[in-house]
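Bear in mind that the values in this text are calculations on the coordinates, not laboratory data. This is a predicted model, so every value here is computed, not measured. Every residue, glycine as well, gets a Cβ built from its backbone with ideal geometry; the counts of neighbours run over all protein chains shown.
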Ligand code: G3P
Ligand code: MG
């Protein structure tokens, strides 16, 4: 039905604006499309299915590679979404590949965190699930967790004897990446405290902390439940509070994702590349967008980020997610508040003619 070259057929004159869509609470709740999102996205294509308006998804969520997320969104929303249009909280982790390419790094979170990192080019990455299996008794509660998988003969794809030679429990963990929301907070906080307090060698003496990276710092987000759910920022607070109470040095970490202006600047660069003639116009001049629209549901993340990044960002707040107010948000007021994403796209298309 769709071909990958169709995105390149955008007429250059229509590229003076672009759109970044938040996902959770704007496009989807759980796996359910909301707010007329599928219809809204279809309006960004012409009758033959060619993209008319450059757009990306700028989500703090993640847990699967961008290509897989694009395929899932294509199915749910009935428009052809390319991997290059999906920017997730963990997408900036690929910029750290050079630093850790062959070092042992641990990936935490729901979905396929180690696959995400391997696809970015990290060559020696284990999920915390796999890693914890190499340490007997590291989680004293494991016997009560009837959902956990038991250790099988498959050690990260290696036969048992080879896995023993390369036993990750005797290798120093050089960095920890929180790729997506932690599934088992108690086990993850325990194992992360072990890694981070010992210089990356659980069970050994206290040593300096390896770097810790979070894909986002969202306190909460909107899922299917009527009120917000605890996000990665809540997990960070739990880990940090416990770590700082137990060990002599305070926890050091770096958080990516919105509201960091760098996430919005990445979106701008990606939007330029969505259409080759935008980034490489024939007259040789670098294209700049007149307006970039951020459509989000979370005032302190989506709207704050767009506002702090400044021009050319214009923020649109929907009422389908974290924000449920009648007027505008007090601390992080958006340039426009609408009921849902369909109204937002309607406004943009009318304004841009
Ligand atoms: O876990 C995802 C959540 O924290 C935010 O996702 O799409 O609203 O940025 P999104
Ligand atoms: Mg959201």
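Maximal additional length on extending the residue 136-residue 71 stretch stands at 19.6 nm, based on 0.36 nm per residue less the C-alpha distance.
Once the mean of 1/r is taken over each pair of separate Cα atoms and inverted, the stretch 56-138 shows a Kirkwood hydrodynamic radius of 13.7 Å.
Note on the chain: with a GNM built from Cα contacts shorter than 10 Å, the maximum mean-square fluctuation among 51, 77, 96 falls on 96.
The chain has equivalent-ellipsoid semi-axes of 39, 22, 19 Å, by the square roots of 5 times the alpha carbon gyration tensor eigenvalues, sorted largest first.
Note on residue 204 and residue 146: their simple-model spin labels are 3.9 nm apart, each label 7 Å out from Cα toward Cβ. Taking the longest Cα principal axis of the chain as reference, the axis of helix 341-352 is set at about 40 degrees. Quick check on the stretch 199-345: of the DSSP beta bridges with both residues there, what percent are antiparallel, nearest 5%? In the stretch 199-345, approximately 15 percent of DSSP beta bridges are antiparallel ones.
Just the Cα atoms of the stretch 91-255, one point each, no solvent: what log10 I(q)/I(0) does Debye give at q = 0.10, 0.18 Å⁻¹? Evaluating at q = 0.10, 0.18 Å⁻¹ gives log10 I(q)/I(0) of -0.36, -1.23.
Which of these, 189, 303, 242, has the largest mean-square fluctuation under a Gaussian network model of the chain (Cα springs below 10 Å)? Looking only at 189, 303, 242, the largest GNM fluctuation is found for 242.
Dividing the summed -39500 (n - 2.57) terms of all DSSP H runs of n ≥ 4 by the residue count of the chain sets its mean residue ellipticity at 222 nm at -8500 deg cm²/dmol.
Over the stretch 187-263, what is the relative contact order in percent, taking alpha-carbon pairs closer than 8 angstrom and at least six residues apart? Across the stretch 187-263, relative contact order equals 26 percent. Cβ crowding within 10 Å ranks 170, 37, 16 as 170, 16, 37, fewest other Cβ atoms first. Among beta bridges from DSSP that stay inside the stretch 91-255, the antiparallel ones total about 20%. Over the Cα atoms of the stretch 33-76, the radius of gyration divided by the Kirkwood radius equals 0.98; this is the Rg/Rh ratio. Based on the convex hull around the alpha carbon atoms, the stretch 13-113 presents an average projected area of 7.9 nm². Note: relative contact order over the chain, using C-alpha pairs below 8 Å and six or more positions apart, is 20 percent.
Counting only the backbone N, which residues of the stretch 41-63 are under 20 Å from the spot 7 Å out from the Cα of residue 339 toward its beta-carbon? Within reach of a label on residue 339, which here means backbone N under 20 Å from a point 7 Å along Cα→Cβ, the stretch 41-63 contributes 41-43. For residue 52 and residue 308, the FRET efficiency from 1/(1 + (r/R0)^6), where r spans their Cβ atoms and R0 equals 45 Å, is about 0.95. By how many degrees, 0 to 90 and rounded to 10, does the Cα axis of helix 232-246 deviate from the longest principal axis of the chain? On a 0 to 90 degree scale, this one is about 30.
Just to be sure I understand: of the beta bridges DSSP finds with both ends in the chain, what percent are antiparallel, rounded to 5? Within the chain, antiparallel bridges account for around 15 percent of the total. Computed over the stretch 91-255, relative contact order equals 20 percent, with contacts defined as Cα pairs under 8 Å that lie 6+ residues apart.
Could you please rank 272, 232, 133, placing first whichever residue has the fewest other Cβ atoms within 10 Å of its Cβ?
Least crowded to most crowded, the residues run 272, 133, 232.
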